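Down below is the structure, laid out as structure tokens.
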Amino acid sequence: MTVARGPEESPMEGKVALATGSASGIGRATALAFAEQGARVALADIDSDGGHQTLRLIRQKGGEAVFVRADVTRAHEVEALIDEVARTFGGLDYAFNNAGIVGTPSSTVECTEENWDQVIAVNLKGVFLCMKSEIPLMLKRGHGAIVNMSSIAGLVGIRRNIAYVASKHGVVGLTRAAALEYAQAGIRINAVCPGFVRTPILKLDTNPAMERHYLAAEPMGRLGRPEEIAVAVVWLCSDSASFVTGHTFSVDGGLVAR
Ligand SMILES: NC(=O)c1ccc[n+]([C@@H]2O[C@H](COP(=O)([O-])OP(=O)(O)OC[C@H]3O[C@@H](n4cnc5c(N)ncnc54)[C@H](O)[C@@H]3O)[C@@H](O)[C@H]2O)c1
């Protein structure tokens, strides 16, 4: 990938994009994709090493970015992140609220309260807190586009992942509610619902046997690549999606078509 240079090749030139959970996986791929479109990118994550690695990757390709360490479960850290974005780049056009965890897989009965609270805090409350701080900044500009990270687990049930499934269904709900609230204010809010994508979250390094299970679920017989989700997020943010809001966009190799 190289960062686009010509005006026709940089449709997001002069725009500002924020991606949470961008130290790794889908968030990193999307941050790189925003930069490739010419956007200046704010990276946020609790993983500073990974975040700085994404920063280097963008800068190596001639892009402009900043990394802010922020835990999306903490309101004051999210507020400080958005303040930093405003200070550094003067505003916000696109936000990808992507940070997430799977938690500990278990049956519903065995799911601990701690696991439930942690998964809901990162995947659901984190998205809410980010939107709560991002929207006022977008309202100042009179426009904006937000993409919230849901999952196929936001559309269908998955056994032994009650908190994850609930959190991702919750993301679909809050996306729809907020999309209605801001539809006339020029802010579009959508959710992306990936199938199984090859990233560290699947823990295939430590549990390679799980790959067979994921492949069996995927109609295409392969896992998705982070870049295949990134292009969908960038499209949802772009002017090409100007009449798309409150939508849940599956990018899942056909998994929920079963
Ligand atoms: N990979 C998949 O198969 C898949 C499928 C559907 C949805 N998703 C969702 O995609 C998102 C990104 O996951 P990924 O697959 O790229 O995994 P990943 O583990 O590579 O990336 C997740 C990132 O989120 C960050 N993060 C975790 N908790 C955080 C917090 N409290 N504050 C800020 N950052 C935090 C992590 O440090 C990490 O960099 C998640 O929300 C995940 O649920 C992934």
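The values are calculated or read from the model by the stated rules, or taken from the named source; none is laboratory data. Treat the numbers as computed from the prediction; the structure is a model and nothing was measured. A quick note on method: Cβ atoms are made from the backbone with ideal geometry, for glycine too, and the neighbour counts reach across all protein chains shown.
Quick look at the numbers
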{"read-out": "Residue pairs meeting the criteria (Cβ under 6 Å; at least 6 apart or on separate chains; first at positive phi and within 13 Å of the ligand (Cβ to nearest atom), in segment 17-44; second part of a loop (DSSP other than H, G, I, E, B) and modelled with pLDDT of 95 or more)", "value": "G21/N98; G21/A99; G25/T199"}
{"read-out": "Residue among G170, G195 that alone is within 19 Å of E228 (Cα to Cα) and within 16 Å of the chain's Cα centre (by Cα)", "value": "G195"}
{"read-out": "Filtered residue count, segment 228-258, keeping only those that are within 27 Å of L215 (Cα to Cα) and either small (G, A, S) or part of a loop (DSSP other than H, G, I, E, B) (or both)", "value": "9"}
{"read-out": "Among residues of segment 106-119, those that are part of a loop (DSSP other than H, G, I, E, B) and crowded, with 16+ Cβ neighbours inside 10 Å, counted", "value": "1"}
{"read-out": "Any hit, segment 202-224, residues being of a type in the set (F, W, Y) and more than 24 Å from M138 (Cβ to Cβ)", "value": "yes"}
{"read-out": "From the options I158, I201, I189, residue that is outside any helix (DSSP H, G or I) and under 30 Å from L92 (Cα atoms)", "value": "I189"}
{"read-out": "The lone exception for R141 - which of (1) away from the ligand (no atom under 12 Å from the Cβ); (2) surrounded by 13 or more Cβ atoms within 10 Å (Cβ to Cβ); (3) at pLDDT 95 or above; (4) at negative phi it fails", "value": "(3)"}
{"read-out": "Failed criterion for E79 (all others in (1) touching a strand residue (DSSP E or B) at 6+ places or on another chain (Cβ under 9 Å); (2) acidic (D, E); (3) surrounded by fewer than 24 Cβ atoms within 10 Å (Cβ to Cβ) hold)", "value": "(1)"}
{"read-out": "Leading residue by the ranking (farthest from P11 (Cα to Cα)) among those in segment 223-258 that are more than 12 Å from the ligand (Cβ to nearest atom) and of a type in the set (D, E, K, R)", "value": "R258"}
{"read-out": "Options V165, V171; residue that is in contact with a Gly (Cβ under 7 Å, 6 or more places away or on another chain), under 20 Å from L18 (Cβ atoms) and within 14 Å of the ligand (Cβ to nearest atom)", "value": "V171"}
{"read-out": "Residue that is surrounded by the most Cβ atoms within 10 Å (Cβ to Cβ), among those in segment 176-211 that are within 15 Å of the ligand (Cβ to nearest atom) and among the basic types (K, R)", "value": "R198"}
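The rows are residues; the columns are (1) under 27 Å from S240 (Cα atoms); (2) at pLDDT 95 or above; (3) touching an Asp or Glu at 6+ places or on another chain (Cβ under 9 Å).
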| residue | (1), (2), (3) |
| --- | --- |
| V3 | yes, no, yes |
| F34 | yes, yes, no |
| G51 | no, yes, yes |
| I82 | yes, yes, yes |
| D93 | yes, yes, no |
